[in-house]
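Reading through the structure tokens given below for one structure.
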Ligand SMILES: [Zn+2]
């Protein structure tokens, strides 16, 4: 069965997961700063508005949901559960809060199997959420030309040092298509 739109919806979830940026690696001589985009209720409300979602979700519940989803993607256990709540507003009918809209997208993705492609980058100093578009579904890095190459450079160094001081490593490591 085809579920058009599910990937676009997951992009929203991906952006939500990346409202906390844990990237701390150095690239081209610059350290990635990382940071928290949802630093307060106003920042959350702005984020929701920017993403076409209704207000009315509290900062704490948003962070709780984000933390639980990121934990699950890290392979850590969590006992949290997020029941979906349909809300009836007189004159406006049934609706979902922003939090429940995200839960609904995730639930749909779990039911259709596409959730398996939502991942956190395997690099511990990155952990950027991404949708794995590789053919095999075995993608590990947010971007092959960033974290994939960094991992290959580390592996190259390990193979070639043998206890000797680290030689300068060429950055021209050939990219392998996934
Ligand atoms: Zn990464």
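Computed quantities for the displayed model
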item: Residue in segment 96-105 that is in a helix (DSSP H, G or I) and closer than 21 Å to residue 135 by Cα present; result: no
item: Residue in segment 95-103 that is surrounded by fewer than 17 Cβ atoms within 10 Å (Cβ to Cβ) and in contact with a strand residue (DSSP E or B) (Cβ under 6 Å, 6 or more places away or on another chain) present; result: yes
item: Qualifying residue in segment 53-66 (condition: without any contact (Cβ under 8 Å) to a residue 12 or more places away in the chain and more than 24 Å from residue 104 (Cα to Cα)); result: no
item: Contacts under 8 angstrom Cβ, first residue in segment 131-146 being closer than 12 Å to residue 119 by Cβ and touching a residue at least 40 places away in the same chain (Cβ under 8 Å), partner within 15 Å of the ligand (Cβ to nearest atom) and in a loop (DSSP other than H, G, I, E, B), 6 or more apart; result: 134/178; 138/132; 138/178
item: Unique residue being modelled with pLDDT of 90 or more, within 16 Å of the ligand (Cβ to nearest atom) and either over 16 Å from the mean Cα position of the chain (by Cα) or closer than 20 Å to residue 126 by Cβ (or both) when the list is 11, 101, 27, 23; result: 23
item: Any hit, segment 61-69, residues being part of a helix (DSSP H, G or I), modelled with pLDDT under 90 and under 22 Å from residue 140 (Cβ atoms); result: no
item: Among the residues listed as 45, 8, the single one being without any contact (Cβ under 8 Å) to a residue 12 or more places away in the chain, surrounded by 15 or more Cβ atoms within 10 Å (Cβ to Cβ) and outside any strand (DSSP E or B); result: 45
item: Residue check for residue 75: over 17 Å from the mean Cα position of the chain (by Cα), exposed (fewer than 15 other Cβ atoms within 10 Å of the Cβ) and part of a loop (DSSP other than H, G, I, E, B); result: no
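Here's the yes/no breakdown for (1) in contact with a strand residue (DSSP E or B) (Cβ under 8 Å, 6 or more places away or on another chain); (2) more than 10 Å from the ligand (Cβ to nearest atom); (3) at pLDDT below 95:
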site	(1), (2), (3)
93	no, yes, yes
118	yes, yes, no
124	no, no, yes
128	yes, no, no
133	no, yes, yes
144	no, no, yes
148	no, no, yes
151	no, no, yes
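The values are calculated or read from the model by the stated rules, or taken from the named source; none is laboratory data. Everything numeric here is computed off the predicted structure, so don't read it as measured data. When we count neighbours, we look across all protein chains shown, and the Cβ atoms used for this are built from the backbone with ideal geometry, even at glycine.
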